[in-house]
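Peer 1: The structure under discussion is supplied below as structure tokens; questions concerning it will follow.
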Amino acid sequence: MKKNYRPWLILALLFVATGLSFLDRQVLSVTIIKIQAEFKFSDVEYGFVNTAFLISYALMFTVGGRLIDTWGSKIGLAVAVGIWSVACGLHGVMNGFYQLLAFRFLLGIGEGACFPGAAKTVYEWFDEKKRGLANGIAIGGAAMGAVIAPPLIILISSHLGWRWSFIIPGMVGIVWVLVWLYIPWGEKSHANKSQGIVKQSVIPFLTILKNRAACIFILIRFLLDPVMYFIMFWVPKYLHTERNVSFEQIGNLFWIPFLALGISNIIGGWFSDKLVKNNFSVNRARKTVMGIAALMTIVAPLIAWVSTVEMAVALMAVIMFAHGFWITNYITAISDIFGKNGTSTVVGLSGTAGAVSGLIINPLIGLIVQNYSYNPIWIASGILYPLAFILFIIFIRRIQPFNFEKKQALN
């Protein structure tokens, strides 16, 4: 029998797409030091710039996820990547605070559909014994984008100016769209249906919102996403202002935690799949890996107290390694429960909840940092994952498929 390599080709493109999504949003986190010096933006204004991104990101996580569940992931992801690539390039021509707000908002509109689309594509092409690894690879692209971002952005901005740090990734995204659309979708290996612009059966919104598991997934993202947004948006400034790390040296350090994240995305998915193949139930496998992740995050408060920059970055790497274990199995658990009819919608709703939480917290982080210190934020980062895991095991007793067709028939 001829081996079908198309799922792995599509997975490789998902890896690149999520990598571009994190690279594009990280450009501002690194170049803000130069942009603030040129335009005199305050820390609170920077917080509102991040909030502009998170508002549109929050909206489009749900809207984009719903559209992808309805119309399919091929066209949906092409449109999403195209929008955010144009938005990224526009950052390179901005000349003031309000233009930056507008382009950041547009970036969020495109990027909101990325992870719901990736999760649905993985479900369509991989069964439950390979799904964890496939999700890990797809999500791991985001971390690799964040790994590449600091040294690449500093290299580009040092030689060509900070504006080209936005323009060049935007051009790469347009090339990705052309390649993605060129590949014939054909027959899917797992879902075994042609992917085209046709409506699919989806779980009604109200049914999802009444489902306890969906509500817990949404609550967990609301609790945890501010930790990741803090690390993405504020750690370069933390290293510069609190640890006296130069702009150039940040590029040599900030990639390390994201490399740990990318590696753990893949290992975490492989590990839970391995447990399933060794006769663990899907429920036990996903929760085992998530529990290990939650325990690892309790080192976060130590970042505020260690004496060296190297040790602080190493502890950040531990947190990000834990998050990779967590988020891969979190998203895989959603697809295990909601399948082809609701995965993108639930991932989208949970992403919206996380973005709403992040947009509320970001200006608050600016106020805390400006008027006090980073210490309370590091302490909160060490508490939230164990709390989320406790909620998860109490309220989602078993990870198993949700049969909404049967539920509708009973009604």
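The values are calculated or read from the model by the stated rules, or taken from the named source; none is laboratory data. Only a predicted model underlies this, so the values are computations on that prediction, with no experimental measurement involved. Every residue, glycine among them, receives a Cβ derived from its backbone with ideal geometry; neighbour counts consider all protein chains shown.
Peer 1: Within the range 79-96, track down each residue that is touching a helix residue (DSSP H, G or I) at 6+ places or on another chain (Cβ under 6 Å) and either of a type outside the set (G, A, S) or assigned to a helix (DSSP H, G or I) (or both).
Peer 2: Those that are touching a helix residue (DSSP H, G or I) at 6+ places or on another chain (Cβ under 6 Å) and either of a type outside the set (G, A, S) or assigned to a helix (DSSP H, G or I) (or both): A80, V81, G82, I83, W84, S85, A87, C88, G89, L90, H91, M94.
Peer 1: Here are F15, F39, F105, F97: which of them is buried (at least 18 other Cβ atoms within 10 Å of the Cβ) and either at pLDDT below 85 or closer than 19 Å to L359 by Cα (or both)?
Peer 2: Result of the check over F15, F39, F105, F97: F105.
Peer 1: Mind listing whichever residues of the range 250-274 are of a type outside the set (S, T, N, Q), farther than 20 Å from M144 by Cα and buried (at least 18 other Cβ atoms within 10 Å of the Cβ)?
Peer 2: Answer for the range 250-274, where residues must be of a type outside the set (S, T, N, Q), farther than 20 Å from M144 by Cα and buried (at least 18 other Cβ atoms within 10 Å of the Cβ): just D273.
Peer 1: Which condition number in (1) touching a helix residue (DSSP H, G or I) at 6+ places or on another chain (Cβ under 7 Å); (2) more than 27 Å from Q370 (Cβ to Cβ); (3) not in a helix (DSSP H, G or I) is the one that I292 fails?
Peer 2: All conditions pass for I292, except number (3).
Peer 1: Could you grab me the full set of residues in the range 235-260 that are outside any loop (DSSP other than H, G, I, E, B) and small (G, A, S)?
Peer 2: Scanning the range 235-260 gives G251, A260.
Peer 1: Can I ask one more? Looking at (1) in a helix (DSSP H, G or I); (2) under 26 Å from L253 (Cβ atoms), can you tell me which one S373 breaks?
Peer 2: Against the list (1) in a helix (DSSP H, G or I); (2) under 26 Å from L253 (Cβ atoms), S373 comes up short only on (1).
Peer 1: Could you grab me the full set of residues in the range 334-347 that are buried (at least 24 other Cβ atoms within 10 Å of the Cβ) and in contact with a Phe, Trp or Tyr (Cβ under 8 Å, 6 or more places away or on another chain)?
Peer 2: Residues satisfying the conditions are I334, S335, F338, G342, T343, T345, V346, V347.
Peer 1: Which residue, of I220, I203, I216, is among the β-branched types (V, I, T), surrounded by 21 or more Cβ atoms within 10 Å (Cβ to Cβ) and at pLDDT 85 or above?
Peer 2: I220
Peer 1: For the subset of the range 126-147 comprising residues that are closer than 12 Å to S335 by Cα and of a type outside the set (G, A, S), which member is surrounded by the most Cβ atoms within 10 Å (Cβ to Cβ)?
Peer 2: Out of the qualifying residues, it is N135.
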